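Participant: Just dropping this structure here.
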Amino acid sequence: MHNLALLGVATIAVLLLVIMTKRMSPLIALILIPLAACLIGGFGWDTSKFIVGGLQSLAPVVGMFVFAILFFGVVTDAGMLDPIIDRILRTVGTRPTRIVMGTTLLALLIHLDGSGAVTFLITIPAMLPLYDRLGIDRRILACAASLAAGVNFLPWTGPMIRAAASLKLPIPEIFNPLVPVQLAGIVFIFAVSYWLGRREEKRLGLQAGASVDVQAQRTLSEAELKLRRPRNFWINIVLTVIVLGTMVALGDKLAPAIVFMIGTCLALLINYPNVDDQRRRVDAHARAALLMASILLAAGVFTGIMQGSGMLKAMAQDAVGFVPAGAAKFMPVVLGVVAMPLSLLFDPDSFYFGVLPVLAEVGGQLGVPKVQLAQAALLGQMTTGFPVSPLTPATFLVVGLTGIDLADHQKFTIPFLFAASVVMTIACVCLGLFPL
């Protein structure tokens, strides 16, 4: 192995070790470790050029993420999802089939803002009394919410942002071809929800006319009620559709960051015309936006150094010899299948910034487009995998809110989440995204 490749392997190994053992936060590790490696490699003042190049390439991604968080935070504060959520809760009735499918739909809609924690915090407490009153297995509630959040890899979610940032790819190039794949995943999770509900009906011996004296509901705090703007419901719906539609349809002509910037400005003007109210809404969501933005910028340091120094290319050249030429075309399919289980081994920063760039560089040497490997990773790595991974706080939120053991949740839910990844991988093959 060449010295540069060896330095690159050592850099990634140390990065993974300190992040996964929690010796350093991802923010610190992504900056200091590649910086030290670059200086050890003798690149001197060129290190600064590598870092600036990495930061410049990530600026559009960071901008999109920050304003996407602000946009969805503002329209959610204004109550855009409230009537939809309330309607779902009224409609589920007392049939386990409807209840489980309603749980899936509710979680799917709430996860539009890309936050798994918020999805579980709203969905599970709202539905749990109904599950308990009917005697429906709580593991099903955890599973349904996890499936909905898992297949929802939208352009502003963490895994998508990380994949685009680490491989320096435009988000529309990754996401747009995956829209029908995601639809296939959504169809699958509703089919699973229906099957789980039917199975519970048979187990409980409930008939169509069964009745209970409780209804799924959620209660808003006084502070939340003050923020609501129910008269703007349809305006916010139209604005959201325009923003998302523009981003998907014109992603190659109009940067997503610009779309969300304009959308955020309009959402603030429409719902909170007072300047002080606007400042408070931005402040309320700034922490979440700043946290992820800082990690992305730190990742820009890492990817800039690894690519600019040539360490990534050197590792790939050495690794190419271990991959049979005829097997290269199967890399996206294999990654799509194993991506979900890899969520149990790698946290999102370790995988997307440490492992995926190496895989993409190896694939590139063998003629496999890196966008295919980005798409394959998104079919499971911290998408379908995050609600059961012990490396994510959201997993413990699920088991805490439902009151079930982590092991029980994993045993029950992992097969369905893994199946969702496999179904979406097959869809990619059928649609020609992963040529065989």
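Participant: Pairing the Cα long axis of helix 116-134 with the longest principal axis of the chain, what angle in degrees results, from 0 to 90 and rounded to the nearest 10?
Facilitator: 30 degrees
Participant: Let me ask another. Work out the length of the dipole vector of the chain about its Cα centre, built from +1 on the beta-carbon of each Lys and Arg and -1 on the beta-carbon of each Asp and Glu, and round it to the nearest 20 debye.
Facilitator: Result for the chain is approximately 480 debye, rounded to the nearest 20.
Participant: Can you give the charge dipole size of region 1-145 about its Cα centre, rounded to the nearest 20 debye, using +1 on the beta carbon of Lys and Arg and -1 on the beta carbon of Asp and Glu?
Facilitator: My answer is approximately 400 debye.
Participant: How tilted is helix 406-430 with respect to the longest principal axis of the chain? Cα atoms for both, answer in degrees (0 to 90, nearest 10).
Facilitator: So the helix axis and the longest Cα principal axis differ by about 70 degrees.
Participant: Let me ask something else. Full-extension gain between A59 and K226, please, as 0.36 nm times their residue separation minus the C-alpha to C-alpha distance.
Facilitator: Separation in residues times 0.36 nm, less the Cα-Cα distance, equals 56.6 nm.
Participant: Further question: Return a whole-number percent for the relative contact order of the chain, with Cα pairs under 8 Å and 6 or more residues apart as the contact set.
Facilitator: It comes to 29 percent, rounded to a whole number.
Participant: A follow-up question, please. Relative to the longest principal axis of the chain, what angle (0 to 90°, nearest 10) does the C-alpha long axis of helix 26-40 take?
Facilitator: With both axes taken from Cα atoms, the answer is about 10 degrees.
Participant: What aspartates and glutamates could a cross-link reach from K253, if we take a straight Cα to Cα line under 14 Å and drop same-chain neighbours fewer than 8 places away?
Facilitator: Of all the aspartates and glutamates, those that pass the test against K253 - Cα under 14 Å, at least 8 places apart if same chain - are E173.
Participant: Starting at the first residue of region 6-13, write each ³J(HN,Hα) from the Karplus equation 6.51 cos²θ - 1.76 cosθ + 1.60 with θ = phi - 60°, in whole Hz, x for Gly and Pro.
Facilitator: 5, 5, x, 4, 5, 4, 5, 4
Participant: In the chain, if the dipole is taken from +1 on Lys/Arg beta carbons and -1 on Asp/Glu beta carbons about the Cα centre, which of L169, F302, T425 is farthest to the positive end?
Facilitator: The one lying farthest along the dipole's positive direction is T425.
Participant: D408: net charge of surrounding residues, Cβ under 12 Å, Lys/Arg +1, Asp/Glu -1, itself excluded?
Facilitator: Net charge in that neighbourhood comes out at +1.
Participant: OK, next. Mind ordering 182-194, 301-313 by average Cβ neighbours within 10 Å, highest first?
Facilitator: 301-313, 182-194
Participant: Convert each backbone phi in region 285-301 into a coupling constant with the Karplus relation 6.51 cos²θ - 1.76 cosθ + 1.60 (shift: θ = phi - 60°), then list the ³J(HN,Hα) values in order as whole Hz, x for Gly and Pro.
Facilitator: These are the phi-based 3J(HN,Hα) values: 10, 5, 4, 5, 5, 5, 4, 6, 4, 5, 5, 5, 5, 5, 5, x, 4 Hz.
Participant: Identify, among A255, V333, V388, the residue whose Cα sits farthest towards the positive end of the charge dipole of region 246-395, taking +1 on the Cβ of Lys and Arg and -1 on the Cβ of Asp and Glu, with the dipole about the Cα centre.
Facilitator: With unit charges placed on the Cβ atoms, the residue in question is A255.
Participant: So for the pair K202, A328, with labels modelled 7 Å out along Cα→Cβ, what separation do we get in nm?
Facilitator: With each label point 7 Å from Cα toward Cβ, the separation is 4.9 nm.
Participant: Of L291, P34, I51, which is farthest on the positive side of the dipole of the chain, counting Cα position, with +1 on Lys and Arg Cβ, -1 on Asp and Glu Cβ, and the Cα centre as origin?
Facilitator: L291
Participant: As a check on your grasp of the helix formula, calculate [θ] at 222 nm for the chain: sum -39500 (n - 2.57) over DSSP H runs of n ≥ 4, divide by the residue count, round to the nearest 500.
Facilitator: -23500 deg cm²/dmol
Participant: Classify region 43-149 as rounded, prolate or oblate from the Cα gyration tensor: take a ≥ b ≥ c as the square roots of its eigenvalues, call it rounded if a/c is under 1.5, otherwise prolate when a/b beats b/c and oblate if not.
Facilitator: Cα axes put region 43-149 in the prolate bin.
Participant: In what sequence, largest accessible area first, do E222, E201, E361 appear using a 1.4 Å probe?
Facilitator: Ranked from most to least accessible, the order is E222, E361, E201.
Participant: What number comes out for the charge environment of Q307, summing +1 per Lys or Arg and -1 per Asp or Glu over other residues with Cβ under 9 Å away?
Facilitator: Net local charge, Q307 excluded: +1.
Participant: If you put +1 on each Lys and Arg Cβ and -1 on each Asp and Glu Cβ, how big is the dipole of region 61-179 around its Cα centre, in Debye rounded to 20?
Facilitator: 320 debye
Participant: Counting only protein heavy atoms and a 1.4 Å probe, tell me what percentage of the chain's accessible area is made up of carbon and sulfur.
Facilitator: Percent of accessible area from carbon and sulfur atoms in the chain: 67.
The values are calculated or read from the model by the stated rules, or taken from the named source; none is laboratory data. Keep in mind that what you see is a predicted model, and the values were worked out from it rather than measured. A quick note on method: Cβ atoms are made from the backbone with ideal geometry, for glycine too, and the neighbour counts reach across all protein chains shown. What goes into the accessible areas is simple: the full protein's heavy atoms, side chains included, and nothing from ligands, DNA or RNA. Shrake-Rupley method; radii C 1.70, N 1.55, O 1.52, S 1.80 Å.
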